[in-house]
Amino acid sequence: MAPSHSVKVIDRVQVSPPPGSVPTTSLPLTFFDFPWLLCPPMERLFFYELPYPTLYFMHNILPSLKNSLSLALQYFFPLASNLMCPLSPHKPYILFNDGDSIPFTMVESTMNFDQIIGDQAGDPTELHAFVPKWPPTRVTSDGKRVAPLLALQVVVFPNSGICIGAKFCHVVADGMAFNHFMKSWASIFRSRENMACLEKSVLPSHDRSGIKDPFELDSIFSKEWWSWASSRDYNLGSNHDDQLRDKVRVTFTIGQTHIERLKDLVSIQCMKNYQGQVHVSTFVVACAFIWVNMIKSQEKEASDLFDNDKVCYFVFVADCRHRLEVKLPSTYFGNCLAICYVPAKKSELLGENGIIMAARAIGKKVKELESGVLVGAEKWISKWKEVSEQGRLVTVAGSPKLRAYETDFGWGRPKKTEVLHIYASGGFHLCECRDGGGGLEVGLALPQVQMDVFCGIFEQSKRNLI
């Protein structure tokens with residue numbers, strides 16, 4: 001774990017929307033939000049090269065960074081709100097009152113910036129120094145739990161760079177919504193706080209009236225939420241140190257050439273051996289490639305981990321804003337994700353055509369979304385509980401469609417982005433390559449022995465594609 005002396009707090013303030021700019025607003029949770037109530041906070045890091053000393057940053061950059069954040073929160077006010085969790089049977093909701101704010105911290109780090117942003121193996125716990133501290137949940141006199149929804153921190157590496165770290169509750173925003181906020185904040189800062197940079201067409205939409213619930217998912221999920229929450233000692237601010245202990249993190253690259261070769265391979269083999277059309281995309285083949293290699297690395301490390309006839313699961317989420325039965329604008333701020341479970345026998349994934357089988361299974365699930373994103377949605381929460389308790393699942397966070405490397409504050413593209421929370425779950429993070437060359441970056445943290453095996457399998461698999 002990173003030593004405590006590696007960072008020093010320079011400034012700690014609360015940032016709110018401009019006074020009087022946002023009325024008191026209560027937002028009900030939708031059935032898209034409920035599955036994320038028990039999810040630990042998301043942790044995102046954006047590293048930028050910025051060769052200025054700390055004092056220069058404090059006097060010339062920090063004030064505008066705070067002001068532009070305040071202006072951004074005027075439109076993205078749910079992030080400055082609180083999650084209100086009354087006692088059962090009342091449903092949780094999001095509440096903004098004038099004056100509500102988020103913690104914003106500036107720290108200085110003595111760690112090596114170039115080493116931190118490198119792709120080589122590193123200790124994932126050292127990144128915790130760059131994640132903001134999470135404010136404690138408080139309880140009102142009537143038993144209502146009040147939880148924060150966002151915390152931000154800026155880390156200055158003197159004469160080298162900075163890191164903007166964000167910790168937020170998934171219940172307030174999915175990846176698309178949060179990236180919308182980050183890019184809007186960056187745009188306001190870059191334009192010297194000129195709000196005209198945010199055209200009306202790109203302002204966030206908070207209208208939830210368009211979300212229809214024909215399958216009464218709200219009722220199903222709220223009951224499951226209370227049943228699950230009451231049986232767990234759940235802390236929104238808990239950290240991941242125990243899950244990260246003895247793990248190493250590595251960033252891998254899958255180049256555009258390898259991706260196209262994977263697409264060709266999957267398409268040809270499926271046309272030859274299977275009837276029906278198979279959905280083949282960059283996301284599908286990349287996830288299949290990583291999933292199979294992870295399962296193989298587990299097998300090499302511990303062959304008795306679980307029986308070959310057991311079913312493994314790959315879990316991903318799909319944005320539903322553009323789907324016919326949802327029809328929300330792309331600027332909708334909140335959650336609008338279908339949770340997709342892809343089953344496959346371990347023996348199939350370990351077989352000679354494991355990547356083909358995995359891609360076919362993932363592609364089939366993507367294709368099924370065209371028939372209705374809410375088909376089977378009543379099992380989103382119960383299925384997660386079942387699958388996670390079995391321990392045979394791999395999850396993916398992020399997507400190249402989010403274009404994380406386009407979050408430009410005027411300092412150029414980020415030198416590195418990290419999704420720290422996924423490292424604790426044993427899943428992986430997927431995003432576009434920082435060089436804009438069309439490839440993908442894969443962030444992964446595994447126990448050292450398994451990581452050594454994975455690296456060998458991953459590189460060999462890439463060579464086999466050429």
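Points worth noting:
- Of residues in segment 101-124 being in contact with a helix residue (DSSP H, G or I) (Cβ under 9 Å, 6 or more places away or on another chain) and in a strand (DSSP E or B), the one nearest to residue 452 (Cα to Cα): 122
- In segment 318-327, the residue that is modelled with the lowest pLDDT out of those that are part of a loop (DSSP other than H, G, I, E, B) and surrounded by fewer than 20 Cβ atoms within 10 Å (Cβ to Cβ) is 324.
- Flag for residue 143 being of a type in the set (Gly, Ala, Ser), on the phi < 0 side of the Ramachandran plot, over 17 Å from the mean Cα position of the chain (by Cα) and in a loop (DSSP other than H, G, I, E, B): no
- Flag for residue 247 being at pLDDT 85 or above, of a type in the set (D, E, K, R), open to solvent by less than 70 Å² (accessible area, probe 1.4 Å) and touching a helix residue (DSSP H, G or I) at 6+ places or on another chain (Cβ under 9 Å): yes
- Residues of segment 417-435 classified as free of Cβ contacts under 8 Å to residues at least 60 places away in the same chain and outside any loop (DSSP other than H, G, I, E, B), total: 4
- Residue check for residue 154: within 22 Å of the chain's Cα centre (by Cα), buried (at least 20 other Cβ atoms within 10 Å of the Cβ) and assigned to a loop (DSSP other than H, G, I, E, B): no
- Pair list, Cβ < 6 Å and 6+ apart or interchain, from segment 118-133 residues that are touching a residue at least 60 places away in the same chain (Cβ under 8 Å) and closer than 13 Å to residue 9 by Cα to residues that are basic (Lys, Arg) and crowded, with 18+ Cβ neighbours inside 10 Å: 131/167
- Leading residue by the ranking (nearest to residue 442 (Cα to Cα)) among those in segment 250-272 that are part of a helix (DSSP H, G or I), β-branched (Val, Ile, Thr) and open to solvent by 40 Å² or more (accessible area, probe 1.4 Å): 257
- Residue match in segment 331-342 (condition: surrounded by fewer than 18 Cβ atoms within 10 Å (Cβ to Cβ) and modelled with pLDDT under 95): no
- Checking each residue in segment 118-143 for being under 13 Å from residue 83 (Cα atoms), open to solvent by less than 50 Å² (accessible area, probe 1.4 Å) and out of contact with any strand residue (DSSP E or B) (no Cβ under 6 Å at 6 or more places or on another chain) picks out only 140.
- Matching residues, segment 204-222, being open to solvent by 30 Å² or more (accessible area, probe 1.4 Å), closer than 26 Å to residue 87 by Cβ and small (Gly, Ala, Ser): 219
- Here the condition is being out of contact with any Ser or Thr (no Cβ under 6 Å at 6 or more places or on another chain), of a type outside the set (D, E, K, R), over 30 Å from residue 200 (Cβ atoms) and at pLDDT 95 or above; of 286, 302, it holds for 286 alone.
- Residue within segment 389-397 that is part of a strand (DSSP E or B), farther than 23 Å from residue 174 by Cα and open to solvent by 20 Å² or more (accessible area, probe 1.4 Å) present: no
- Note on segment 89-102: among residues that are open to solvent by 20 Å² or more (accessible area, probe 1.4 Å) and not small (Gly, Ala, Ser), the one that is farthest from residue 334 (Cα to Cα) is 89.
- Residue in segment 358-373 that is assigned to a strand (DSSP E or B), in contact (Cβ under 8 Å) with a residue 12 or more places away in the chain, closer than 23 Å to residue 278 by Cα and out of contact with any Lys or Arg (no Cβ under 9 Å at 6 or more places or on another chain) present: no
- Condition broken by residue 166, with the remaining ones in (1) among the aliphatic types (A, V, I, L, M); (2) out of contact with any Phe, Trp or Tyr (no Cβ under 6 Å at 6 or more places or on another chain); (3) in a loop (DSSP other than H, G, I, E, B) satisfied: (3)
- Taking the listed residues 414, 400, the one that is open to solvent by less than 30 Å² (accessible area, probe 1.4 Å), farther than 19 Å from residue 165 by Cβ and in contact (Cβ under 8 Å) with a residue 12 or more places away in the chain is 400, with no other qualifying.
- Checked against (1) part of a helix (DSSP H, G or I); (2) among the β-branched types (Val, Ile, Thr); (3) in contact with a Ser or Thr (Cβ under 8 Å, 6 or more places away or on another chain), residue 278 passes all but condition (1).
- Those strands (runs of 3 or more DSSP E) lying entirely in segment 9-88 with at least 2 residues in contact with a Leu (Cβ under 9 Å, 6 or more places away or on another chain), among the acidic types (Asp, Glu) and surrounded by fewer than 22 Cβ atoms within 10 Å (Cβ to Cβ): none
- Every residue from segment 343-357 that is open to solvent by 20 Å² or more (accessible area, probe 1.4 Å), in contact (Cβ under 8 Å) with a residue 12 or more places away in the chain and out of contact with any strand residue (DSSP E or B) (no Cβ under 8 Å at 6 or more places or on another chain): 347, 350, 353, 355
The values are calculated or read from the model by the stated rules, or taken from the named source; none is laboratory data. Remember, predicted model here, so these are calculated numbers, not experimental data. Don't worry about glycine lacking a Cβ; one is built from the backbone with ideal geometry, like all the others, and counts go over all protein chains shown. Accessible surface areas use protein heavy atoms only, side chains included; no ligands, DNA or RNA. Shrake-Rupley method; radii C 1.70, N 1.55, O 1.52, S 1.80 Å.
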